[in-house]
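The next block holds one structure in the form of structure tokens; read it before the comments.
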Protein chains: 2
Amino acid sequence: MTGLFSFAVMIDRFVSRSALPLWWWLAPIAAILALGFAVHFYRQMMSHSEGTDQMRFIAQAVRDGAMAYLKRQYRVVGLVFVILFVVFLVLSFFRLQNPIVPFAFLTGGVFSAICGFIGMKAATNASARTANASRTSLNGGLQIALRSGAVMGFVVVGFALLDIALWFLLLYFVFPVLLPNNFISLAENPLPQITAIMLSFGMGASTQALFARVGGGIYTKAADVGADLVGKVEKNIPEDDPRNPATIADNVGDNVGDVAGMGADLYESYAGSILATSALGVAAIGLSTDLFMNGKTELEMGLLYITAPIALAAIGVVLSLIAIYLVRAKDDADQEQLIKALSRGLYFSSAGIAILALPMLFLLGLPNWLAVWICILTGLAVGLIVGKVTEYYTSHAFGPTREIAAQAETSSATALIEGMAVGMESGGIPVAAVVVGIIISFYTMGGIDNLLMGLFGVGMAAVAMLSTLGFTLATDAYGPIADNAGGNAEMSGLDKIVRERTDQLDAVGNTTAAIGKGFAIGSAALTSMALLAAYMEEIRLVLTELRGVESLLVRGELIPVAKMTIENFMDFYHVSLFNPAVLAGIFTGVATAFFFSAMTMRAVGRAATGMVAEVRRQFREIKGIMDGSGLPDYARCVEISTGAAQREMIAPSLVAIIIPVVVGIVFGIAGVLGLLLGTLTTGFSLAITMSNAGGAWDNAKKYIEVGKFGGKGSLAHKAAVVGDTVGDPFKDTSGPALNILIKLMTMVSVVFAGLIVAFSNGQGLLYMLLH
Amino acid sequence: MTGLFSFAVMIDRFVSRSALPLWWWLAPIAAILALGFAVHFYRQMMSHSEGTDQMRFIAQAVRDGAMAYLKRQYRVVGLVFVILFVVFLVLSFFRLQNPIVPFAFLTGGVFSAICGFIGMKAATNASARTANASRTSLNGGLQIALRSGAVMGFVVVGFALLDIALWFLLLYFVFPVLLPNNFISLAENPLPQITAIMLSFGMGASTQALFARVGGGIYTKAADVGADLVGKVEKNIPEDDPRNPATIADNVGDNVGDVAGMGADLYESYAGSILATSALGVAAIGLSTDLFMNGKTELEMGLLYITAPIALAAIGVVLSLIAIYLVRAKDDADQEQLIKALSRGLYFSSAGIAILALPMLFLLGLPNWLAVWICILTGLAVGLIVGKVTEYYTSHAFGPTREIAAQAETSSATALIEGMAVGMESGGIPVAAVVVGIIISFYTMGGIDNLLMGLFGVGMAAVAMLSTLGFTLATDAYGPIADNAGGNAEMSGLDKIVRERTDQLDAVGNTTAAIGKGFAIGSAALTSMALLAAYMEEIRLVLTELRGVESLLVRGELIPVAKMTIENFMDFYHVSLFNPAVLAGIFTGVATAFFFSAMTMRAVGRAATGMVAEVRRQFREIKGIMDGSGLPDYARCVEISTGAAQREMIAPSLVAIIIPVVVGIVFGIAGVLGLLLGTLTTGFSLAITMSNAGGAWDNAKKYIEVGKFGGKGSLAHKAAVVGDTVGDPFKDTSGPALNILIKLMTMVSVVFAGLIVAFSNGQGLLYMLLH
């Protein structure tokens, strides 16, 4: 009877549940649109010819290598996911986590893996076709490369929005009816619980992303460093020369690192920023006064704040699609015109977001629509500034990179010192931009007295930066495709003009990619801020839903957990700058960022050494490689990179997962907050330093190669090659991986919050022992 | 009449003022002892012969260059001091700072400058004498070099203790009688004010130290890099070859960077740790319950806690003196025996502190003497661990450095990647040790409920580490003296055996210096922690003494400022991890550490480029340099280094002074605390990374030079030289300067606290604008 009655209650709740705002439905529609166009772009690209037999042969070799790598990577990562899945099942069995979490975690990882797979399939199919089209015209190559990159771009945004929309529908409408009470809250307002569960979907994506970035980064740089050191430096043969045994592995590396790795990275950023912002919107409403209510219920208002970020993302998808079609260049276009063509797409989509967001927010009915709009503008501005600064420090059109080239004339050592200095300096303005962005968003929306709403504003700024990801990711993925096309042209012995064209495409890609990177790095910092607050919301839920704690004694006053402000939580958990637990956390967080970088760099070093030994061996033992009468064993080099990446990616990734849990157990919630803050701030500066130092060395070398300071083969060039090689793991392994490290550590903290609270009441073992 | 009356009151207060504890008087006695022995060591060294005419000539050239540099540096720094002195005068005129502060600030700078001067005079006089004594025996060279280093060691501890003791006597006994009311408090307990004023003496020392470290660091590395790149790499002539025009400048550099720079650095650390700890002891007593009173007055108890750190330092002076006499080796001693001889001194003095501290604390009468003793043991243990880890990562007796050498066989790029990884990794255990040290000291002494006493414990741990500075600094300064002796031997064409002996002395110095560095770095981190709390105490004083604020409304409750806990201050100034002002501060602090490193490294790069151009010019234009028939223009190179160092040291140093003031004005006290925390944590990790990466590269090169991986002249050696050159500014300019940056920024915050509080009530301009 009671069962029947509660079932009736459930049905009643389901039926009477507020309908979703109309704008919400834009998300699934945009998702399907994005996926549809991804299929369209893929088919369009596949309809072109791969060119000569030799081109096809080489493309196939790269394809095979890339797919073989991805399969092995997914097998290793799959194992990690199974282990974590079981851990989460155990946690939920002991009521330390919601039982839906393990499944949400899984889908996040699986969807991300699918994106990586499709994106790389498109990229590896596109390179020969881009090279072939470049035989006819520059614009032909541009169109194929960009649209193949767009496959990745739209698969990522499509799947991310689809996954978010589907999970929300399931958790909001279906699960409350199908699953028993304790799976999903029957309270008036289930949104806090729903958004918290969905964050674990973000952890799945982050875990996948870290493995993809670290593994891909190690793979690509081991191959690159190996190929360069023996081929270019010792044997004096050019880049992508088919006589170099590591050259196929090098081309595979571009795909697994710069395409699959980056795709997983941005999938995680995109989904993470939307999910964190939604969670904060709901939380802010939960604590808000009547000011924001407009006579609506908490649930109705919460739905509006959940809708805002995903509707913004959906608008971005449509704008990105149009932007792709705006990129067009004449067949005889020069580099400047190409840059203009790509920039047109970028500025169109950004301006579109700025303009369309205003009516959307107004029509959606947010009470503070104007303030939210200002946050969106702020986010776009910050992204643009970070991007432009990145360009300034890494492009050889500007002073810093040219200065490195000039120092290369003195020696490799001075070029290296100057490059490190450029990298370290380049974080100054981005940090200032992010700080100003946080301040503006925060104070426009809430201020200290309405902290959660302020942080929701910070989250919206991050979502705005990433809203046009469909387009920016296309321009990002386009770079390695053009690069690979060049490799293919070289190895297939095509006309010099083809290689020149693909080089031009590649160079143009670097400029737009810099701005894309700015958006990615800037949004990572802002998202992490939002995630910090989301972590505190998770603690609230753990207390109320899992531990059944209704109120806590804060400074002598009994406060209901549901109404506790973040300040109350800070008090209860002794989160003060002078609490040694917080300090220990910050110190540990900072050290983790450095230690993690050390691990990834050393992994590249080890893997590269193995590759160098193998390439040297082949040159020594296989006869006739240099005169073309003997064929190098490409497959062996591919295998070495694959094996090394698999081995080496485990340890750094585990660090990211284990440290937050250990710090949480020992130092409690105060320690975790310190830890995350330490990793966030230092990781941000360190990531920019490493990425930009690497980029600047790379382009200093290219600057010399266009004939400055003696040109190719000069002493200055040799010195610059050393810089470029040192910069490889900086910019393609450690730097980008730091961005994910920051977020994965936060996600891990969120998902394991139940354990930490259960273990020591959230105060940490140390506190329990001493008090 | 009232004047007469208040005078009578003053006299009465003076007479009835508590006598200082007997142990306190140990400090001036130890100071005079230290200075006396410094004079003795100096005379002893001067009584030896400088050797041949050529030796004398070279020594004189180095001496002249060093003194010329120091004079110009002091002129520039003097100007900065005059400006800051005037700024402080203006501040005190507007009652934003105590009028004694400008003078205390000045003496800190002047005493530090005197130490640098004397230390360098001893070092530059000792090098030829060490070389000459090494002609006879190894032990002869050891004795002269070590005792000359000891001149620096004991001058530093002597002057620091003397200055502290004199100022205390002035402020405690003399000024209250001589100066009007508002100069020094007439309250029952003037100690908080006295310790606060004395902290500004620390700022004088820090300012001097930063300029000395940055200027000296730029000088030495510009000369070193210039000499190496042209001489060793291009001309293939050995180190210290008299044909190299930069060789005298290089030897001068060792003196101005590694002797004068390091002396100023450690003078600042030593004085800073004692002053900050005293301030915390007094503050802790001010808030303590009867628990700590033992029936005594607050003043009496405060005096005990002021005495504890200086008595500990005084005991350390005596132990250090004995340790110097314990170092003795046989004339035919090998390297291992030499290391044992030096280690004997180190372990004796450390163990002595551990043992003697216990009765001292007990007899002094500290209620928590046992807990304080545990803090002292903790400090010594942390220093030893950091030192041993430093040795592990930078000595070629162990894996990491050998691995770099192995990577040098592959290429310079892989050696650089590996070295960066080693540096970044090497911070892990030191950070853990410091964190554990903080936790143990903090909880043994106080815990969260007695925060200030806990931080006093952290300060005592720092003082313990530095207590044997007299000896450790002697072993530190001994290195460059031996190095210079080698240079002198080489240039004077002495027997090979002499150079071998001085090389041996130098190598042994590196090992003991590693441990000394561990003590310096570890104590810097702990001292900064203590300084953070001292900053809050300064705020309290500014409110009560300068602004006349008696009580503040904290969370609806009116609390007397004198009785506000640090937690109360945190509440009042909104110092919460989620306040964007704090976040902005942390982000800025982190970015400052990176930016500062970039500036100093780039300065070295620029200066080195100038030097390289000059050396190349001399080789080109002055005929017969290579065959010895023409004399290089040494003086021109000395001038170039001097000029470059003067120019380049200004900007980075200003950053350290201006940023805390700007952040304070904009973001208030909350922002300043975030800033200091960000710089402290990141600066610590970054400093270790840079110092150890540099050290490891240096020793990897030396490992190859003793015959491994092909030995001198091999490709591996060339690759290792690149690493060594990149590492030069890492380990001798940016890394050590970061340590001072951390503390100078805190000192600046302390001294400008009055301005910040006056300007925006301490809440910051941003808050004022928005609320």
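The values are calculated or read from the model by the stated rules, or taken from the named source; none is laboratory data. In this text the structure is predicted, and so the values were computed from the model without any measurement. Here the Cβ positions follow ideal geometry from the backbone for every residue, glycine too, while neighbour counts run over all protein chains shown. For the accessible areas, the whole protein counts, side chains as well, though only heavy atoms, and no ligand, DNA or RNA atoms are used. Shrake-Rupley method; radii C 1.70, N 1.55, O 1.52, S 1.80 Å.
Between 0 and 90 degrees, the angle of helix B:369-394 with respect to the longest Cα principal axis of chain B falls at about 30 degrees. Pairs exceeding a 30 Å alpha-carbon distance, out of A:Lys712/B:Lys718; A:Lys712/A:Lys743; B:Lys708/B:Lys743; A:Lys235/B:Lys718; A:Lys121/A:Lys712: A:Lys712/A:Lys743; B:Lys708/B:Lys743; A:Lys121/A:Lys712. Normalised by 2.2 N^0.38 Å, with N the number of residues, the alpha-carbon radius of gyration of segment A:190-236 equals 2.10. Within a straight-line Cα-Cα reach of under 15 Å, A:Lys623 can be paired with the following aspartates and glutamates, leaving aside sequence neighbours fewer than 8 residues apart in one chain: A:Glu614, A:Asp633. For segment A:402-487, the average shadow cast by the Cα convex hull is 8.7 nm², which is a quarter of the hull's surface.
Per residue of peptide A:424-431, the mean number of Cβ atoms on other chains within 10 Å of the residue Cβ is 6. For chain A, the Kirkwood hydrodynamic radius from C-alpha pairs, put into Stokes-Einstein at 37 °C and a viscosity of 0.692 mPa s, yields a diffusion coefficient of 125 µm² per second.
Computed from label points 7 Å out along Cα-Cβ, the spacing between B:Asp64 and B:Thr297 is 6.2 nm. Dividing the alpha-carbon radius of gyration of segment B:594-684 by 2.2 N^0.38 Å (N being the number of residues), what value is obtained? Normalised Rg, Cα atoms only: 1.68. With the largest listed first and rounded to whole Å, the semi-axes of the equivalent ellipsoid of segment A:266-403 from the Cα gyration tensor are 37, 17, 12.
In Å², rounded to the nearest 100, what is the total accessible surface buried by chains B and A against each other with a 1.4 Å probe? In total, chains B and A hide about 7300 Å² from solvent.
The contact residues of segment B:572-589, meaning those that lose at least 50 Å² of 1.4 Å-probe accessible area when all protein chains sit together rather than their chain alone, are B:Leu577, B:Phe578, B:Pro580, B:Leu583, B:Phe587. Could you list the chymotrypsin sites (Phe, Trp or Tyr not before Pro) in segment A:673-771 that lie in coil according to DSSP, counting only those with at most 14 other Cβ atoms within 10 Å of their Cβ? Filter output for segment A:673-771: empty list. When A:Leu33, B:Leu312 are compared by accessible area of protein heavy atoms, the largest-first order is A:Leu33, B:Leu312, using a 1.4 Å probe.
For the segment B:227-233, counting C-beta atoms of other chains within 10 Å of every residue's C-beta and taking the mean gives 2.
Near A:Leu552, the amide H atoms lying under 5 Å from its own belong to A:Ile559, A:Val561; only residues 5 or more places off or on other chains count, and H is placed 1.01 Å from N.
Phi-derived couplings, Karplus 6.51 cos²θ - 1.76 cosθ + 1.60 at θ = phi - 60°, listed residue by residue for segment B:56-61: 4, 4, 5, 4, 5, 4 Hz, with x used for Gly and Pro. Within the accessible area of segment B:498-645, the carbon and sulfur atoms contribute 54%, probe 1.4 Å, all protein chains present. For segment A:446-460, the Karplus equation 6.51 cos²θ - 1.76 cosθ + 1.60, evaluated at θ = phi - 60°, returns couplings of x, x, 4, 7, 9, 4, 5, 5, x, 6, 4, x, 4, x, 4 Hz by residue, with Gly and Pro reported as x. Label-to-label distance, B:Phe362 versus A:Leu326, with points set 7 angstrom from Cα along the beta-carbon direction: 8.1 nm. Note on the protein assembly as shown: the C-alpha convex hull projects to 55.0 nm² when averaged across all orientations.
As a size descriptor, the averaged projected area of the C-alpha convex hull of segment A:651-771 was calculated at 8.7 nm². Bin width 5 Å, alpha-carbon pairs only: give the P(r) of segment B:11-85 as whole percents, running from 0 to the bin holding the largest distance. All Cα pairs considered, the percentages come to 3, 11, 8, 10, 11, 14, 14, 11, 8, 5, 3, 2, 1, 0. Neighbouring Cβ atoms from other chains, within 10 Å of the Cβ of residues in B:762-769, number 1 on average. Rg and Dmax, both from the Cα atoms of segment B:325-458 and both in Å, are 20.1, 63. Highest-first packing order for the peptide set A:209-216, A:689-696, A:232-239 is A:209-216, A:689-696, A:232-239, based on the mean count of other beta carbon atoms within 10 Å.
If the label point is 7 Å along Cα→Cβ of A:His40, which residues in segment A:122-147 have backbone nitrogen under 15 Å from it? The answer is A:147, whose backbone nitrogens lie closer than 15 Å to the label point.
Principal-axis analysis of the Cα atoms of chain B puts helix B:138-169 at an angle of about 20° to the longest axis.
List the aspartates and glutamates whose Cα sits under 18 Å from the Cα of A:Lys330, skipping any in the same chain fewer than 8 residues away. Correct list for A:Lys330: A:Glu500, A:Asp503, A:Asp506.
A straight chain from B:Gln335 to B:Glu557 at 0.36 nm per residue would run longer than the Cα-Cα distance by 73.2 nm. Protection proxy ranking, highest mean first, for peptides B:35-43, B:628-636: B:35-43, B:628-636, where packing is the per-residue count of other beta-carbon atoms within 10 Å, averaged. So which trypsin sites (Lys or Arg not before Pro) in segment A:501-600 pass both tests, a DSSP loop state and at most 16 other Cβ atoms within 10 Å of the Cβ? Sparse-neighbourhood loop trypsin sites (Lys or Arg not before Pro): A:Arg555. The residues of chain A expose on average 30 square angstrom of accessible surface per residue, using a 1.4 Å probe on protein heavy atoms.
For segment A:275-323, the convex hull spanned by the alpha carbon atoms encloses 73 Å³ per residue.
List, in the order given, every pair from A:Lys388/A:Lys517; A:Lys232/B:Lys701; A:Lys701/B:Lys731 whose Cα-Cα distance in the structure shown is over 18 Å.
A:Lys232/B:Lys701; A:Lys701/B:Lys731
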